[in-house]
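Q: Dropping the structure in here first, questions after.
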Amino acid sequence: MSKKDYNKYLRSPEWKAKKLLVLERDNYKCQQCGYTNNLHVHHLTYENVTNEQLDDLVTLCKRCHRSERKKKVKNTKHFIKYYKMTNRELVKNKVLTKAEKAFLYDVLAYINIETGVITSERGIPMNTKGIMKVCGIGRTLFYSITSKLIKIKLLIPILDGNNTYYRLHSNYFSCR
């Protein structure tokens, strides 16, 4: 979903109704600090936007909401900095195409800092379909990109029954 479509959704009657239900459920209180002014409804996950369950949403005050977003940005910036430092040869030698770099930057926000696994915002490993959705790419491009990243040992597939999950190779990821 594009940012434009997301903002349009936030102005829709459907969103306003869900927002009201969440505010009522949470007694018009920030669920982190208990503050009752300047309340926002925060998505815990963006996997089901437009079709989210009430459990995917939580009431936060403006300050706590900003703090949640900053945590995500801080983790992402930390990883980008680390990634650039440890992968200069990949960037310098133009081993990665623009599409592959864009894919990596799209999934950065979903990488578990401790394990390197690409997860949902709730910490559950994200399967192929989920990754394609957050990156906004189709199956062909996804498999083209991931097969190369696996070949150069940047990405490791984790097979679990009918699902495939992914994590970054520990040589390229050690933020611990």
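Q: Search the stretch 146-157 for residues that are under 9 Å from Leu168 (Cβ atoms) and pair each with any residue that is aromatic (Phe, Trp, Tyr) and loosely packed, with under 13 Cβ neighbours inside 10 Å when their beta-carbon atoms are under 8 Å apart and the residues are at least 6 apart or on different chains.
A: none
Q: Next up: Looking only at the stretch 30-41, decide whether some residue is in a helix (DSSP H, G or I) and either surrounded by 12 or more Cβ atoms within 10 Å (Cβ to Cβ) or not assigned by TED's automatic domain parsing to the domain that holds Gly123 (or both). Working first, answer last.
A: Initially, the stretch 30-41 is screened for residues in a helix (DSSP H, G or I), giving none.
Among the residues of the stretch 30-41, not one is in a helix (DSSP H, G or I) and either surrounded by 12 or more Cβ atoms within 10 Å (Cβ to Cβ) or not assigned by TED's automatic domain parsing to the domain that holds Gly123 (or both), which makes the answer no.
Q: Regarding Leu141, is this residue on the phi < 0 side of the Ramachandran plot, assigned by TED's automatic domain parsing to the domain that holds Thr97, modelled with pLDDT of 80 or more and in a strand (DSSP E or B)? Give the derivation first.
A: Working: on the phi < 0 side of the Ramachandran plot: yes; assigned by TED's automatic domain parsing to the domain that holds Thr97: yes; modelled with pLDDT of 80 or more: yes; in a strand (DSSP E or B): no.
No, not satisfied.
Q: Follow-up question, since we're still on this one. For the stretch 42-53, what are the residues that are without any contact (Cβ under 8 Å) to a residue 40 or more places away in the chain and either polar (S, T, N, Q) or exposed (fewer than 12 other Cβ atoms within 10 Å of the Cβ) (or both)?
A: Initial filter on the stretch 42-53 (without any contact (Cβ under 8 Å) to a residue 40 or more places away in the chain): 42, 48, 51-53.
If the condition is that a residue be without any contact (Cβ under 8 Å) to a residue 40 or more places away in the chain and either polar (S, T, N, Q) or exposed (fewer than 12 other Cβ atoms within 10 Å of the Cβ) (or both), then Asn48, Asn51, Gln53 are the ones that fit.
Q: Could you check Asn37 against (1) touching a residue at least 40 places away in the same chain (Cβ under 8 Å); (2) more than 29 Å from Asp106 (Cα to Cα) and say which number it fails?
A: That leaves (1) as the condition not met.
Q: If a residue has to be at pLDDT 90 or above and assigned to a helix (DSSP H, G or I) to count, how many in the stretch 1-29 make the cut?
A: Initial filter on the stretch 1-29 (at pLDDT 90 or above): 11-29.
Going one step further and asking which of them are assigned to a helix (DSSP H, G or I), we end up with 13-25.
Number of matching residues: 13.
Q: Another question, if that's okay. Being outside any loop (DSSP other than H, G, I, E, B), surrounded by 13 or more Cβ atoms within 10 Å (Cβ to Cβ) and in contact with a strand residue (DSSP E or B) (Cβ under 8 Å, 6 or more places away or on another chain) is the requirement here; does Thr164 meet it? If you could, list the steps in order and put the result at the bottom.
A: Working: outside any loop (DSSP other than H, G, I, E, B): yes; surrounded by 13 or more Cβ atoms within 10 Å (Cβ to Cβ): yes; in contact with a strand residue (DSSP E or B) (Cβ under 8 Å, 6 or more places away or on another chain): yes.
So Thr164 fits the description; yes.
Q: For the stretch 108-125, give me the residue count where each residue is modelled with pLDDT of 80 or more and not in a loop (DSSP other than H, G, I, E, B).
A: 4
Q: Being over 26 Å from Ile124 (Cα atoms), hydroxyl-bearing (Ser, Thr, Tyr) and touching a residue at least 12 places away in the same chain (Cβ under 8 Å) narrows it down to one residue among Tyr9, Tyr28; which is it? Before the answer, list the steps.
A: Numbers: Tyr9 fails: over 26 Å from Ile124 (Cα atoms).
Only one candidate passes the filter, namely Tyr28.
The values are calculated or read from the model by the stated rules, or taken from the named source; none is laboratory data. This is a predicted model, so every value here is computed, not measured. Quick reminder, even Gly has a Cβ in these numbers, built from the backbone with ideal geometry, and neighbours come from all protein chains shown.
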